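The values are calculated or read from the model by the stated rules, or taken from the named source; none is laboratory data. On a predicted model such as this, the values are computed, not experimentally measured, just so you know. Cβ coordinates were reconstructed from backbone atoms using ideal geometry, including for glycine residues, and neighbour counts include every protein chain displayed.
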4 protein chains.
Amino acid sequence: MLTVTRLDQADARLLLAGAAARAQAIGVPMCIAVTDESGNLLAFERMDGGKVTSITVAQDKAFTAAAARKATHEYNQACVPGNLVFGIHTALSGRLSVVGGGLPVLVEGEVVGAIGLSSGTPQQDIDCAQAGIDHFLQHRQAVQS
Amino acid sequence: MLTVTRLDQADARLLLAGAAARAQAIGVPMCIAVTDESGNLLAFERMDGGKVTSITVAQDKAFTAAAARKATHEYNQACVPGNLVFGIHTALSGRLSVVGGGLPVLVEGEVVGAIGLSSGTPQQDIDCAQAGIDHFLQHRQAVQS
Amino acid sequence: MLTVTRLDQADARLLLAGAAARAQAIGVPMCIAVTDESGNLLAFERMDGGKVTSITVAQDKAFTAAAARKATHEYNQACVPGNLVFGIHTALSGRLSVVGGGLPVLVEGEVVGAIGLSSGTPQQDIDCAQAGIDHFLQHRQAVQS
Amino acid sequence: MLTVTRLDQADARLLLAGAAARAQAIGVPMCIAVTDESGNLLAFERMDGGKVTSITVAQDKAFTAAAARKATHEYNQACVPGNLVFGIHTALSGRLSVVGGGLPVLVEGEVVGAIGLSSGTPQQDIDCAQAGIDHFLQHRQAVQS
């Protein structure tokens, strides 16, 4: 038997809140998705003004980052024609996302979930995803110390 | 041109909170989805213990209630073999849900969004969905009076 | 609550008529789709001779332009290998279209819907989509002045 | 954070072996799928003679039993026209299976995975699934005592 550590709903809210605060600060309303370590959705928020296409894209980014334990922008860099990874972006009917903006969430070196954002540029999406993770980790540290 | 009234993110949170409180009270962790009036997802929460299958089912219930402007249990009652509505449950690749637990959210007689729940019995899902709507309407009244 | 402005059926017909007239003029029968601001179909016409594959492609272009609030050819320009946006063309099971020919329809700076065309070259599709928008805006101005 | 207990590969093999032995004994070659507690596939075997359609059906049964924490035949009994659960069989594009033959695997009262079989009658599928669980639990007991 395996023992797995997984984000709970309170963790998911911290991730959402941190990401939404950064998105608010840069003036880009986002779709924000948080999944557990298996890629299944825990929480989602479409900020007022977030794009409808981003509802699915944000979830797919988070799914990919959790389920493949890899940031989607890392797949993006490898997913170029001629590279053997190329084509991975059509896997799972396109649900495997190679668009920047999905980051795995690690605690003590283990992937416990992921966060995915969409509606800005991929770089904005990545920055806000990282802000979510930073907020989550800071709050956890504050609680534990 | 048409003018449409739609739930915003603050409204969606009221709906989530009211539904989650009832689910907590009856001891059945739920998946809760809120969509806008077009059926597009605004907010989602999988309470700790909510079922993985319910992630999609809750969203599909809310989508159906908003997009068809009808409670999913009303479709359920009509969707019996021999009735001309029968078969509607396979429409949209099964995304059109006839399982009880999806309710449209009305403000001044107009559908402005919907809420869908899944993980309990359909009756529990319906009750928690209604609790979400009640909480939303009460809070709105308190703000406006 | 949010207030949203959306194309109505009369608007959709203006868009169709303007696009079809241009398609007729250049001798390329088209599939033409008009969606509301959420990406849901309002009107569709397959001109005599329009391609069967274009039935879906035109709808996906209009869906994308509305739901992402961006012309599909803008996605096309960014969706190149090595760019962080690459891979967006397979999102939503490929429904997110990066093929030129989908344009958002803006009124007073707000996306109120979109138009998508398919059957010609992407440049022809774009030109006819723009002709639809021009016709719509001209007719609206005449009515309002 | 949540801590989750999940079948490992050795567990999955015990489940497969027990189910296959029973299928062999009754002379019905089966497709056998084992998933983790989130419904993701851990192991699969198509015995010589197993049906091609059953490749997917067995996986869907195991997915459903794990992700909904319920035997698929229990859904079957509730999924009758006029009952509020009716329609659940088309959810998730039909991936939510209500055909008998999917059983959750419980250890100390917690769902740690599931097993799904297909190719025989549903009753044969259920019997072989149970044989897989029995074999798994017996072997675990022997190891632990």
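Quick look at the numbers
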| item | result |
| --- | --- |
| When residues of segment D:97-123 are limited to those that are under 16 Å from residue D:17 (Cα atoms), out of contact with any Ser or Thr (no Cβ under 7 Å at 6 or more places or on another chain) and touching a residue at least 60 places away in the same chain (Cβ under 8 Å), the one surrounded by the fewest Cβ atoms within 10 Å (Cβ to Cβ) | D:105 |
| Enumeration of residues in segment C:1-56 that are aromatic (Phe, Trp, Tyr) and over 16 Å from residue C:129 (Cβ atoms) | none |
| Which numbered condition residue A:140 fails, given (1) within 10 Å of chain C (Cβ to nearest Cβ); (2) assigned to a helix (DSSP H, G or I) | (1) |
| Test: residue in segment A:23-46 that is over 19 Å from residue B:16 (Cβ atoms) and in contact with a Pro (Cβ under 6 Å, 6 or more places away or on another chain) | no |
| Those residues of segment D:1-25 which are within 11 Å of another protein chain (Cβ to nearest Cβ) and without any contact (Cβ under 8 Å) to a residue 60 or more places away in the chain, in sequence order | D:1, D:2, D:3, D:4, D:8, D:9, D:10 |
| Considering residues of segment D:131-145 that are surrounded by fewer than 17 Cβ atoms within 10 Å (Cβ to Cβ), modelled with pLDDT of 95 or more and of a type outside the set (D, E, K, R) only, the residue farthest from residue D:109 (Cα to Cα) | D:138 |
| Matching entry among C:86, C:63 (being under 9 Å from the mean Cα position of the chain (by Cα) and either more than 22 Å from residue C:9 (Cα to Cα) or aromatic (Phe, Trp, Tyr) (or both)) | C:63 |
| Residue in segment B:80-93 that is touching a Ser or Thr at 6+ places or on another chain (Cβ under 6 Å) and crowded, with 22+ Cβ neighbours inside 10 Å present | yes |
| Qualifying residues in segment A:26-38 (those that are surrounded by fewer than 24 Cβ atoms within 10 Å (Cβ to Cβ) and within 13 Å of chain C (Cβ to nearest Cβ)) - the one nearest to residue B:36 (Cα to Cα) | A:29 |
| Residue among A:56, A:121, A:72 that is within 23 Å of residue B:12 (Cβ to Cβ) and modelled with pLDDT of 95 or more | A:56 |
| Residue tally, condition outside any helix (DSSP H, G or I) and buried (at least 22 other Cβ atoms within 10 Å of the Cβ), over segment C:7-25 | 1 |
